[in-house]
Structures are given as structure tokens and as C-alpha cells.
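The values are calculated or read from the model by the stated rules, or taken from the named source; none is laboratory data. The model shown is predicted, which means the values in this text are computed figures rather than measured ones. Please note: Cβ atoms are built from the backbone with ideal geometry, for glycine as well, and neighbour counts cover all protein chains shown. Keep in mind that these areas ignore ligands, DNA and RNA; they rest on the heavy atoms of the full protein, side chains included. Shrake-Rupley method; radii C 1.70, N 1.55, O 1.52, S 1.80 Å.
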Amino acid sequence: MEMFRSHVLICGGTGCTSSKSDQIEIKFNEILKEKGLDNEVKVVRTGCFGLCEAGPIVIVYPEGAFYSHIKIEDVNEIVEEHLYKGRIVKRLLYKGAIDEDTIKSLNQVEFYSKQKRIVLSHCGVINPEDITEYIAYNGYEALGKVVTEMTPQQVIDIVKASGLRGRGGAGFPTGLKWQFTSDAKGDKKYVLCNADEGDPGAFMDRSVLEGDPHSLVEAMTIAGYAVGSDQGYVYIRAEYPIAVRRLQIAIDQAREKGLLGKNIFGTDFSFDMEIRLGAGAFVCGEETALIASIEGERGMPRNKPPFPANKGLWQKPTLINNVETYANVPKILLYGADWFRQVGTERSPGTKVFALGGKINNTGLVEIPMGTTLREVIYDIGGGIPNGKKFKAVQTGGPSGGCLTSDHLDTPIEYETLVALGSMMGSGGMIVMDEDTCMVDIARFFLDFTVDESCGKCTPCREGTKRMLEILEKITRGEGEPGDIEKLESLAETIKAASLCGLGQTAPNPVLSTLKYFRHEYEAHVYDKKCPAGACQALLQYFITDKCIGCTKCARNCPASCISGKVKERHVIDSDKCIKCGACQAACPVNAIIKK
């Protein structure tokens, strides 16, 4: 077995790869070989570290030095100074990793220190393409325990006792779903994984598959044993090439080790799994639409009942969970239900992974215990709002969720509390908005997404969301009329009550929540023809104030030639010609141009 004095861990997630982390890895290996250090220092390409804002990320152990925003040209300095001479390169360290003269390791950085990592515990730690590294972290130990020491019912009982709830949105008790599938009569049963992560800004499942794919393989195999299935399918969108490739590698490696296929661990239990690629339709995140897509049909929801647990894939009993739900299972079986329940709340045990984005300093993936408040996530972990702006709202649950205000910052994150406020947990998207965000425009944005992604099968969703979008577009153009707000509310309630599937039933949530908490913004658009946030272009006007020094930069940068004035004199904007592009404001060196 090879021994190395140092390990260089490089983020191989999609975000950092797009910023050339793959080339950074190549450069490290080249320079280490040139200097004769390739037998002393091992370079490992891991999954996502979580703090995407700081990427590309490189961590050097054993010191735990946290280098951020690394470029290819920085590699030589890190090798020369840190790996050869033993001197950490302070100028390249993440800003939060330096406290006066103390250098913090990755886990001591505030972004990570306030998290509790269960699902993401291996991400950024192991090489996801090497099964031996997963095994070194107790990988497949739970599977071995399950198939050699436990009955299927004992497995289900532990999952039920853990209180694990579905992490895909609705929060249905996972153990209960497993029990229903186990009890269903059928000569063939299937285990499915919903990895069709379609919410804008959500990338939790993708990161687990990129950074810890064996956890899914192990969990689905355990699920197969529990419910009596010998075949699993992972439905994943084709837009996730890194996740697809690493998952396929994990499946192939598990087969080679005898952890998938016939007679697993020398028992009578057999289970295998395959990948099915989706075309990226949001509606295929709904379980029955997903099933239809795997069957080769158009991805459209089906009436329930019957539920998939009784009649699912090819009319056979079918278990469906998402990636994050499955990723909890091996640890629950290994450490016990009581261990899992020590984290989180009574009603919502465990952790939840969120994709934190929008107007926030620390964008990325966070995993926090259930019951953590929104304030802790946004300010303690997320680092607050950039540029000293005020917090305005946070959208949880993606297009199916709702917007919450500063009054809700101390709300504990649980399924029931979020639903009671007009939002929902969803799969885990969390979009933060500042004072410059127009809430009417946000509702329009999410509804535009829903209209585009509606499968069109049921009239309330197909026609109703389209009518709602037309009203919102009219309002943001300054053409709103008295009664439009009431029409939005009426349509929203009808769509919620009459749509076929959960996606249609929750589509009006962004509109209803913004109407509930920001009704005054709708009224300002409709009655005063003003956008309080100054975001809706049709309702904006640009003005040049007395601060103007007459430098002419605004006039020279205006694409519409609508600014006039002499040198060293205050300029004037012709509002009739202005296209409201904001180029003048961006060019002004003294901030003399304002928008109202």
C-alpha cells in the first residue's frame, strides 16, 4: 500500500470543473513529477466541497490548508512553497481561513463549522471514482450487515424508527413507503431513484452523485433487499454528464466486487441496477411521469391511486425515493435509528441539504440539522447579503415553494413550519433576495418556468398558469388594471385545487406567497405604475442629479443617444428616447445617475 506525506484534494464538481479544475489537476501532477515529488504527494480529484463561491478549491492535507479561486498559474507556487518548502501560501488561502496570525483548516471555517454533514460527509473527502476509498470510510458495511444479519422487515422497521422523511419535497415517511412496497403483491418489484433535479438553482442530488455515487448504489441495494426487488433504475437528466459518468463507474466497480449482481455477500439475494437518462423535463420529477418516461412513454403524470407502491413501473410494485433520501440510509442502518434521531427535530429528524444561491455571499451547498433557523443559514453560514444590501425575502422549494420575509428569519426549518407559512421544503433550493428584488417579477419568473415546463395534460395547469403569467407580465409592464390582483388569487386557488399532479397543485405558490407578504408591491405596480424595487424596466426612469460633473461618459456609453449636455455641465436624459438599459448608470464615475 502506497503512503504519501501530503494529499492535494481538488474539487471535481461541475462548478469547479467549469472553472478549469481538471486542468489544475493535470498541472499539479506535471509539476510534482518534474520536482520528483510524485511519490510523496498524491493528487485526488474529489466531489464538490460545497462552498462554490470560492471555487476552484484546492485543499492540502495534513495541514487542511484551504486554497480558493485557484488558477492554473498558481499551481507552481503552491508546489514550490507549500509542498516543497513547507510554507503555506497565505495569499491564496480562502479569506475566511485566516484569523489574524492563525490559519484555519477547512472544517474550522465558519461556513463548514456550523453544518452537520451526513449526506455530504464523503463529498470533498474521497475520490468518487475509487471504490476502495468509499470502503475505507465504512462503505458497503451497512449492506453486508443487512443481507447477512437482518430480515427485510427488520430493515424497514429501522428506517421507520429513524423518522427519515422523503427529501424530494413532500416529506412523506420513507419507512412507510418502503413498507407499502414490501406489502404489495407482485411477482416482480422495482426500486427507482429520482435524480431528475429540475428546480432552478438546485444541485444537491447532482453533487451527491458526483462526490459520493457509491452511497446511492449501496442504499438502493439495501432498499431492494428490504422490499423484495432485484432490479433498480436511476433516472437522471442527461445534462449531468459528470454525475452520470461517475455513477456508471460506481455501478461497474460494485459489480466487479460482487456488491451488485448475483448472490451478494454470498447470500441468496441478488440485485442489479441501471441508469436511465431523462431529457430534462421538469415534470419528470413527478414520480408517475418519471415512471412513464422510463417505460418509453411521454413523461406525463398519471392519476393516483393506484400509487406506485402498488402499481408503478410496468404496473409492478415500485419504490421511488430521491438521491438525498437514499444517501441517509446506509448510515441509519450502520449506526441505528436513535443515532439519526439525535439530529434534527422530533417531527423532522436528520439533516437537509440546501443549494444556497441568489443575493448571498457564500453561494453553495449546505447541510444543516432540521430545525436550524433561516437566519442561521443566511447569515451565519451564508455570510449575509452582498454589498451591504438589506435582506428582503428567501424562496424555498423552488417553483413549487414560496417567498418568506424578514419576519420569518427565526423560523425553524421543518416541513410543517414552512408549509404553514405558504412555502415548502421542496428538494432544497434556497434563493435569497435583497432590497433590489421585485417580488412581482420574482413571481413572474417562477411562473414563466412553470408554464414552460407544464406537460399540458390537465387544463387547470396548462391553461390556468398561462393566464396567470399573462396577468403578471401585464402588471410588470405597467399595464395592470384594477381587479387583476383578485383574478390572480382566484386562478391560483382553482389551479391548486384542480390540477392533476403535485407540480400543478403547487405552481401558484410563488404568486400566493408574494401576494400574502408583498401585496403592496403588486398594488404599487397596478395603481401607481411604480416598481418599488426599481427592477421592472417598463416602470423605470433614469435621472441625472446635481452630482453630475459633465464628464460626458454617460452620453458616450448610451446606445440610444438620448443624453445631452455640455462638458463640465449637468447632462439631461430624454425619457422618450431612453431604452432603460442602465449603461449610463454603470458608466458614471460619481454615481450621479439614479433610477426611480
Contact order relative to length of the chain, as percent, for alpha carbon pairs under 8 angstrom and 6 or more apart | 11 percent
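Evaluate 2.2 N^0.38 Å with N set to the residue count of the stretch 214-331, then give the Cα radius of gyration divided by it.
On the way: Rg = 14.4 Å, N = 118, 2.2 N^0.38 = 13.5 Å.
Working it through for the stretch 214-331, the quotient is 1.07.
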Test item: Cα-centred dipole of the stretch 82-177, Lys/Arg +1 and Asp/Glu -1 on Cβ, debye | 420 debye
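Step through the table entries Lys20/Lys114; Lys529/Lys577; Lys116/Lys496, compare each Cα-Cα distance with 26 Å, and write down the pairs that go over it.
Lys20/Lys114; Lys116/Lys496
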Given charges at beta-carbon only (K, R positive; D, E negative), |dipole| of the chain in Debye | 1080 debye
Taking one equal scatterer on every alpha-carbon of the stretch 454-542, how large is log10 of I(q)/I(0) by Debye at q = 0.14, 0.17, 0.22, 0.25 1/Å?
-> -0.50, -0.69, -1.00, -1.17
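At 0.36 nm per residue, and after removing the present C-alpha to C-alpha distance, how many nm does the segment from Glu416 to Ala586 gain when stretched out fully?
Values: separation 170, 0.36 × 170 = 61.20 nm, distance 4.41 nm.
My answer for the length gained is 56.8 nm.
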Radius of gyration and maximum dimension Dmax of the stretch 122-250, Cα, Å = 15.1, 43
Kirkwood Rh, the stretch 299-438, all Cα pairs: how many Å?
-> 16.7 Å
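Rolling a 1.4 Å sphere over the protein heavy atoms, what is the accessible area per residue of the stretch 144-215, to the nearest Å²?
Working: 2380 Å² over 72 residues.
That works out to 33 Å² per residue.
What does the accessible area per residue of the stretch 233-337 come to in Å², with a 1.4 Å probe and no ligands, DNA or RNA counted?
So the stretch 233-337 comes to 40 Å² accessible per residue, rounded to a whole number.
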One would report the antiparallel percent of DSSP beta bridges in the chain, rounded to the nearest 5, as 55 percent
Positive-end residue of Gly384, Asn39, Tyr235, charge dipole of the chain with Cβ unit charges = Gly384
Among Gly426, His571, Ile251 - extreme Cα towards positive end, dipole of the chain, charges at beta-carbon | His571
Once label points are set 7 Å from the Cα along Cα→Cβ at both Lys114 and Lys595, what is their separation, rounded to one decimal in nm?
-> 3.1 nm
What are the extents of the Cα atoms of the stretch 76-175 along their three principal axes, listed from largest to smallest and rounded to whole Å?
-> 57, 31, 20
Which Cα, out of Phe445, Phe269, Tyr415, lies furthest along the positive dipole direction of the chain (beta carbon charges, K/R +1, D/E -1)?
-> Phe445
Stokes-Einstein at 37 °C, 0.692 mPa s, Kirkwood radius from Cα pairs: D for the stretch 277-376 in µm² s⁻¹?
-> 201 µm²/s
For the chain: span of alpha carbons on each principal axis (Å, largest first) = 87, 67, 41
Under unit Cβ charges (Lys, Arg +1; Asp, Glu -1), what dipole magnitude, rounded to 20 debye, does the stretch 40-136 have relative to its Cα centre?
-> 280 debye
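Per residue, how big is the convex hull of the stretch 481-596 when only Cα atoms are used? Give it in Å³. Numbers along the way, then the final one.
Details: hull volume 15.5 nm³, N = 116.
Per-residue hull volume (Cα only) is 134 Å³.
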Measure of exposure for Tyr84: accessible area at 1.4 Å probe, Å² rounded to 10, is 140 Å²
